[in-house]
Amino acid sequence: MTPSKGGPLRLALLCLFTLVTATLTGLLALTAYDLAAGSAEGMLRNPTAQSPPGVDPDTGIDPEPRPAALQSSSSSDLSTTATRSITVAIDPGHGGPADTGGMHRNAEGEIDLTEKQVNLAIAIRLAELLRGEGYRVVLTREADKAVNDPPQDRNGDGQIDDHDELQARVDIVNASGARVFVSVHSNGFPDPAESGTEIWWSPDRSFADDNAFLAAQTQTAVLKRLADAGYRSEDRGLKVDRAYRVQDGSPYIFVLGPAIDEHHPRATQMPGILGETLFITNDTEAGLLRQPSIIDALAMGYRDGIVAFLTRR
Ligand SMILES: [Zn+2]
């Protein structure tokens with residue numbers, strides 16, 4: 001793993017923090033969404049695309065820059081009939097009155113920015129960018145609402161809880177026939193000094209290599225797009241979801257990992273990642289997350305990673 005502040009344990013605590021917050025406030029489903037999933041073997045073949053990436057086995061990051069994929073703000077040459085048959089699924093993390101996700105508080109202690117609204121803004125912009133290039137896009141939510149609404153026992157375990165909210169998202173993603181999936185989140189931690197960008201992926205899927213490639217491409221692209229927008233984000237690296245141990249002891253992020261118990265009967269069926277881009281609990285980064293130019297940069301970073309993945313080799 002890339003040397004990053006805190007490492008996996010620290011990151012697990014990030015999500016734990018969210019879960020504890022959710023529990024304490026009596027709100028369902030917070031953390032659960034700091035978990036996510038995905039696969040798609042059939043890549044779009046683009047003869048002009050670059051050769052396969054040299055992902056560093058230690059860092060999981062491809063050291064080779066990909067100017068063609070990462071620098072253009074629009075790949076109009078990809079707006080062909082071929083892309084129209086490809087679906088991308090986007091999951092804006094959290095949503096609705098019961099699940100704000102992380103939040104920023106002003107000097108008076110009042111909540112002045114919520115993760116659910118930031119995630120949705122990034123996701124909607126990302127959808128616009130992808131549609132502009134000819135891709136079909138499906139979002140798990142397009143407003144400030146829960147996805148499992150009205151609440152149902154989606155996983156059939158006899159209760160309605162945050163697992164059902166996540167299962168509802170996974171089911172939408174799978175039904176969309178998407179070739180690739182991204183869950184969009186913003187990070188949070190009790191210590192407001194924590195900052196930076198990281199991307200989670202699952203190594204325990206049949207399409208693990210695709211997950212790793214997508215994660216590496218997207219991490220590189222997001223950092224570059226932020227730098228282009230004037231912010232040098234700390235690179236917290238790529239994180240494997242085995243390091244995330246919160247969900248009732250599950251070692252996996254719900255929307256990324258395999259289905260392993262009765263609470264999680266259906267896993268995402270295509271390659272995917274969960275992005276934690278910038279910390280909403282950091283004053284500086286919360287300020288950035290209010291800026292349309294930064295939302296745009298984050299969306300472009302995701303778009304670059306997704307397009308690099310779909311047009312690989
Ligand atoms: Zn989140």
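The values are calculated or read from the model by the stated rules, or taken from the named source; none is laboratory data. As the structure is a prediction and not an experimental result, all values here were calculated from the model. All Cβ positions, glycine included, derive from the backbone under ideal geometry; neighbour counts span all protein chains shown.
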- Query: Any residue at all in segment 102-117 that is buried (at least 23 other Cβ atoms within 10 Å of the Cβ) and more than 26 Å from G257 (Cβ to Cβ)?
  - Reply: yes
- Determine whether D157 is charged (D, E, K, R), surrounded by 16 or more Cβ atoms within 10 Å (Cβ to Cβ) and out of contact with any Leu (no Cβ under 9 Å at 6 or more places or on another chain). yes
- Note on the structure: Considering only strands (runs of 3 or more DSSP E) wholly within segment 90-169, the ones with at least 1 residues that are under 22 Å from V222 (Cβ atoms) and under 14 Å from the mean Cα position of the chain (by Cα) are 136-139
- Residue satisfying condition, being modelled with pLDDT of 95 or more and within 16 Å of the ligand (Cβ to nearest atom), within set R131, R125, R169, R154: R169
- Query: Right, A208: among the hydrophobic types (A, V, I, L, M, F, W, C), away from the ligand (no atom under 16 Å from the Cβ), under 30 Å from G156 (Cβ atoms) and at pLDDT 95 or above or not?
  - Reply: yes
